[in-house]
């Protein structure tokens, strides 16, 4: 089905991830559309544009270049626009890699979400079931909330929000055998770079953690869950 699943990847400072992710699409037989969202002030902008030109003929892959909004801001901007066109939306970090399995991972996402509003995530080989570090959801969730993640957070803790949403809706699926590997310094699968230093700094941890707890405990989550439960009931 055309325009059914879009995977959004906000990326900064890691142009080398582009060919690796496209290779992962090829190796896994994925047919989902792929959108790389790049900042126009990225120091590696020229390299990203080179990849964009090289991949122009690949109908699965698109690039967008825009003002820096941090990970959540960029994801929300692209997801809200795409929700008008796509049935399902997914987020991967530029350090995630889908891995081959008996059935393509994107086909499993479609199967899990075809029954109505919901969220699905796989095994990142780091957090596993505990955190949805890469996630897919029906686009009606984004349309209902006006975002794919709460705007108060910049980078961290949104994987916890996705669990909160899915559990609160009673429409979340974890697929342990659907591996979308997280190549992160925490598991020794990536070197620390400027992106990791910024995202995992004590200041960022404190800021996003405070925003998450405020959202969870002071009415934001409750209000969103009321909307999401109504969405499920209407489906």
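Mind listing the Cα extents of the stretch 24-134 along all three principal axes, in Å, largest one first?
Ordered largest first, the stretch 24-134 gives principal extents of 38, 31, 28 Å.
What 222 nm value per residue comes from the helices of the chain, counting each DSSP H run with n ≥ 4 as -39,500 (n - 2.57) and dividing by all residues, nearest 500 deg cm²/dmol?
-13000 deg cm²/dmol
Determine the percent antiparallel among the DSSP beta bridges restricted to the chain, to the nearest 5.
Around 30 percent of the beta bridges assigned by DSSP in the chain are antiparallel ones.
How big is the stretch 119-171 in terms of Cα radius of gyration and Dmax, in angstroms?
Rg, Dmax (Cα atoms, Å): 10.9, 31.
Quick one: Cα centre-to-centre distance for the stretch 53-109 and the stretch 169-235, in angstrom?
17
In whole percent, what relative contact order does the chain give with Cα contacts below 8 Å and a gap of six or more residues? Walk me through the numbers before you get to the answer.
Values: 406 pairs, mean separation 49.7, N = 235.
Reported relative contact order: 21 percent.
How large is log10 I(q)/I(0) at q = 0.12, 0.15 Å⁻¹ when the Debye formula is applied to the Cα atoms of the stretch 106-235, each weighted equally and without solvent?
-0.49, -0.76
Give me the one-decimal Kirkwood hydrodynamic radius in Å for the stretch 149-209, with the sum taken over alpha-carbon pairs.
One over the average 1/r among Cα pairs gives 13.6 Å for the stretch 149-209.
Give the Rg (one decimal place) followed by the Dmax (whole number) of the chain, computed from C-alpha coordinates and expressed in Å.
16.7, 48
Enter the mean projected area of the convex hull around the alpha-carbon atoms of the stretch 1-44, in nm², rounded to one decimal.
Details: hull surface 13.5 nm².
Over all viewing directions, the stretch 1-44 projects a mean Cα-hull area of 3.4 nm².
To two decimal places, what compactness ratio does the stretch 77-122 give when its Cα radius of gyration is scaled by 2.2 N^0.38 Å?
Scaled against compact globular proteins, the figure is 1.26.
A short reminder: the numbers here are calculations on the coordinates, not readings from a lab. What you are looking at is a predicted structure, and each value in this text was computed from that prediction instead of being measured.
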